[in-house]
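Beneath this line is the structure, given in structure tokens, with notes to follow.
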Protein chains: 2
Amino acid sequence: MEEPIIGDVFGEMIRDAYAVRTGIGPRPLAGGRLPRPVVEVIERDDGLINGAPADHYLDEPSLWQPHDHRALRLCRGAVLDVGCGAGRTAVELQRRGMAVTGLDTSVGAIEVARARGLRDTVIADVHTYASRATARYDTFLLLGNNLGLLEGPERAPAFLAALAELARPGARIIAHGTDPYGTTDPLHADYHRRNRERGRLGGQLRLRLRYRRMATEWFDYLVCSVDELKQLLEGTGWRIKSIDEQDRPYYLAVMELHS
Amino acid sequence: MEEPIIGDVFGEMIRDAYAVRTGIGPRPLAGGRLPRPVVEVIERDDGLINGAPADHYLDEPSLWQPHDHRALRLCRGAVLDVGCGAGRTAVELQRRGMAVTGLDTSVGAIEVARARGLRDTVIADVHTYASRATARYDTFLLLGNNLGLLEGPERAPAFLAALAELARPGARIIAHGTDPYGTTDPLHADYHRRNRERGRLGGQLRLRLRYRRMATEWFDYLVCSVDELKQLLEGTGWRIKSIDEQDRPYYLAVMELHS
């Protein structure tokens, strides 16, 4: 097989999902074929592949999980929506009159977020943004499992330091995570064990996204327990303020900066 | 990345799709997570990947495309449903009192077809079945784009000869195909062009299926125009009797044996 081409996989995918939903967008329907839902494909480094409909990235609040609603009620002040994607949560915060900036590395995702009305957007990762931004924030929002952006023990301190640079006094992170260790699926349990054997956290996933002929580079995405999260925070200035585990295995972690 | 494991990808996928739909099946839901639709992932040899919900393989007749209904009305006598999958069409023919045998190479698909009530099933490809079967058929049904099982100019004659061996006098093939050449998507148009440059039919797709940690071997699957089909039939004893192009680019081809 030819290797896929490295590119903005998420952006191309979300552009198409938006086009299927709204009829707005660049992709022509193929020769009169039945339109199909856009599917996100994720490969894991053990050969696992997973496909899931991408449409939920565009869901209106009435279709959200309960923890997303609870997360938004915890926001205060100026909000940085980290990995905002197509603006699912940022657009809703803006609608409520909050000051919100949507940050994402995907050009295509930010394009869709803007098309959906999000006014304040940045195309960057947190490190680049922290190095150049003068804006400061009271809330960092990491929803849609975006606690995973901590990547793992090696990279989490720098990620959290970047947020600290962008923080006003008393700022908080509101992050959605998933405890991976309740699985009864041997395929995942084996992966966790093999990860630990090579010195990684069990849920430190090595992934890449694929869409059409494109792929991302391989990257780490962290799915961790609350206990693991507490250990990752040690020495960073961020501390757990509360954990909401009503929708287990999903949880909402609120972290505060004590620097 | 570790290489996926070769196995009954379609069978594992369809077992899970059946379990999600009915609650019957071996796969435990993962640690209380939200159940997700099962997705079929197909890779093409140019690096293209495509995901599509697998649930349609289990659809009841009320959800079928119109050409599937027209195809079933063309069946007569003893029917061999070639690549019957989870029995979508074979179960309906049986319900209508027709004599129908479901043939598939996938152990898992036949297991689901039997669980759904299909009584007469065979786990084999047409070559193996033709070499050992004493049963003979009046109708060979290739729905769900299964005209693709002709693979291409090299393999189509042997496939059609196997059906001829299994045929009663005056037998017909009823096959669902798709004309690929109406696409306006450069990604597919380029693939067709490159295929022709290496001596293949434009729509002679080189594919593999993936599900979880499993993959099939790479195989050819033919998506061809009606003109290409006519050329493939030359010298095989099978001739076009009718083409139904009401749902273009999809078509139903009826072929009859004149030996």
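Of all trypsin sites (Lys or Arg not before Pro) in segment A:167-198, which ones are in loop regions per DSSP and have a Cβ with at most 10 other Cβ atoms within 10 Å?
Answer by residue number: A:ARG198.
Using a 1.4 Å probe over the heavy atoms of the protein chains, calculate the carbon and sulfur portion of the accessible area of segment A:135-259 as a whole percent. Don't jump to the answer; show the numbers that get you there.
Details: 2520 of 5290 Å².
Carbon plus sulfur share of accessible area: 48 percent.
Between B and A, which B residue has the Cβ nearest their rotation axis, distance in Å?
Nearest Cβ to the rotation axis, residue and whole-Å distance: B:GLY51, 2.
Modelled label-to-label distance, B:VAL226 and B:LYS241, 7 Å Cα→beta-carbon offset: nm?
Distance between the two pseudo-spin positions: 1.7 nm.
Rounded, prolate or oblate, given the Cα gyration tensor of chain A, with a/c below 1.5 counting as rounded?
On the way: a/c = 1.64, a/b = 1.14, b/c = 1.44.
Because a/c hits 1.5 or more and a/b fails to exceed b/c, chain A counts as oblate.
Roll a 1.4 angstrom probe over the protein heavy atoms and tell me the percent of accessible area of segment B:77-124 that is carbon or sulfur. Mind showing how you got there, number by number?
Working: 800 of 1670 Å².
Carbon with sulfur: 48 percent of the solvent-accessible area.
Taking 0.36 nm per intervening residue step and subtracting the Cα-Cα distance, what contour gain separates B:VAL107 from B:HIS69 on full extension?
So the extension gain works out to 11.0 nm.
Ranking request for peptides B:233-240, A:159-166: highest mean number of other beta-carbon atoms within 10 Å first, then the rest in descending order. All intermediate terms of the calculation are to be shown ahead of the outcome.
Working: B:233-240: 15.6, A:159-166: 19.2.
Output ranking for B:233-240, A:159-166: A:159-166, B:233-240.
What number, rounded to the nearest 500 deg cm²/dmol, is the helix-based mean residue ellipticity at 222 nm of chain B, given -39500 (n - 2.57) per DSSP H run of at least four residues and division by all its residues?
-8500 deg cm²/dmol
Using a simple spin-label model with points 7 Å from Cα along the Cα→Cβ vector, what separation in nm is obtained for B:GLU197 and B:ALA135?
In this crude label model, B:GLU197 to B:ALA135 measures out at 4.6 nm.
Using only atoms on other chains, find how many Cβ atoms lie within 10 Å of each Cβ of peptide A:183-189 and report the average.
Numbers: counts 6, 6, 7, 1, 4, 2, 2.
Average per residue, whole number: 4.
Please give the total accessible area that chains B and A bury against each other, computed with a 1.4 Å probe and expressed in Å² to the nearest 100. Could the numbers behind the result be given before it?
Numbers: alone 13020 and 13010 Å², together 22360 Å².
The summed interface area works out to 3700 Å².
What accessible area per residue, rounded to a whole number of Å², is obtained for the protein assembly as shown using a probe radius of 1.4 Å?
Counting only protein heavy atoms, the per-residue value for the protein assembly as shown is 43 Å².
Taking the Cβ-Cβ separation of A:THR128 and A:HIS258 as r and a Förster radius of 35 Å, what is the calculated FRET efficiency to the nearest 0.05? Walk me through the numbers before you get to the answer.
Working: r = 26 Å, r/R0 = 0.74.
Result of the calculation: an efficiency of 0.85.
Please report the antiparallel percentage of DSSP beta bridges with both residues in segment B:137-228, rounded to the nearest 5.
Details: 6 of 11 bridges.
Close to 55 percent.
Give me the inter-chain shielding for B:50-56: mean count of other chain Cβ atoms within 10 Å, whole number please.
Other-chain Cβ atoms within 10 Å of each residue's Cβ, averaged: 5.
On average, how many beta carbons from a partner chain sit within 10 Å of the beta carbon of a residue in A:36-48?
Mean inter-chain Cβ contacts per residue within 10 Å come to 5.
Between segment B:88-137 and segment B:186-249, how many Å separate their Cα centres?
The distance from the Cα centre of segment B:88-137 to that of segment B:186-249 comes to 24 Å.
Computed over the Cα atoms of segment B:138-259, what is the ratio Rg over Rh, Rh following Kirkwood? Walk me through the numbers before you get to the answer.
Numbers: Rg = 15.0 Å, Rh = 15.1 Å.
Radius of gyration over Kirkwood radius for segment B:138-259 works out to 0.99.
What is the spin-label model distance, in nm, from B:ARG114 to A:SER62 if the labels are put 7 Å beyond Cα along the C-beta direction?
Here the answer is 4.6 nm between the modelled labels.
Less than 18 Å apart at the alpha-carbon level, and either on another chain or at least 8 residues along: which lysines does that give for B:LYS230?
B:LYS241
The values are calculated or read from the model by the stated rules, or taken from the named source; none is laboratory data. Note that the structure is predicted; figures quoted are calculated from it, not measured. Counting neighbours? That spans all protein chains shown, and the Cβs are built from the backbone with ideal geometry, glycine included. We work out accessible area using only protein heavy atoms, side chains counted, and drop any ligands, DNA or RNA first. Shrake-Rupley method; radii C 1.70, N 1.55, O 1.52, S 1.80 Å.
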